[in-house]
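Every read-out reported here was derived from the displayed coordinates using simple, explicitly stated rules and does not represent laboratory data. Just so it is clear, the structure is predicted and the values come from calculations on it, not from any experiment. Ideal geometry is used to build each Cβ from the backbone, glycine not excepted, and the neighbour counts take in all protein chains shown.
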Amino acid sequence: SDPNLKQYLENLKLAADAFEKGEFDLSFAKFNYLAKTLNVNSPFVDYYLGLHYYDGLAVTENKEKGLGMIVSAADAGVPVAQLYLGEIYALGINVMKDSSTARKWYSRVLENKKTDLTTKDMVRKKYNNLEGDSSKIIKYLDDADEMKIREIFDKFEQNFINLVLGVL
């Protein structure tokens, strides 16, 4: 078994758990370690580092850099990153409100084979609301959405880890 891979998976879990608990200093340090020291090219790492930079969590806020990293993760097929971009463009959170860009990202979530059915239903509603009255758009990541998104990530991360461990 590859010791670097084991180290990568351990650090990935620590970093993601720290982020979810709001321990942003630890999370940023771990994700940075994965990106720089282990020289890992991972869309998950890009997504989380992107959130750190975008929202200024344990690092100087840099919206442009953060957004670039989140887009990179979304382009690589991370459903939560695609959903995040759909949300910020639908609601105009720190970006110009842009329904066509929101629609593009929501469509990517719907087309993504890694997205579960519950999330697809939620995204379909958001997508349809873009057509009509924007006041109906569901508030940015309400608690139910947040839980669903966390579930998607957990499932996706677990499948990835199982796939990798199966290879070793």
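I'd like to compare 9-15, 57-63: which one has the highest average count of other Cβ atoms within 10 Å, and what's the full order after that?
So the peptides 9-15, 57-63, ranked by packing, come out 9-15, 57-63.
If you place +1 on the Cβ of every Lys and Arg, -1 on the Cβ of every Asp and Glu, and leave all else neutral, what size is the dipole of region 1-65 about its Cα centre, to the nearest 20 Debye?
It comes to approximately 140 debye.
Which of the pairs K6/K36; K6/K113; K65/K97 have their Cα atoms more than 21 Å apart in this structure?
K6/K113, as the Cα separations exceed 21 Å there.
Can you run phi through the Karplus equation (6.51, -1.76, 1.60; θ = phi - 60°) for region 12-26 and list ³J(HN,Hα) in whole Hz, with x for Gly and Pro?
4, 5, 4, 5, 5, 4, 4, 4, 5, 7, x, 8, 6, 5, 5
Sorted by average packing, counted as other Cβ atoms within 10 angstrom per residue and highest first, what order do 68-74, 100-106 take?
Going from most to least packed, we get 68-74, 100-106.
Mean separation of Cα pairs under 8 Å and 6+ residues apart, divided by the residue count of region 41-112: what relative contact order is that in percent?
Dividing the mean separation by the residue count of region 41-112 yields 22 percent.
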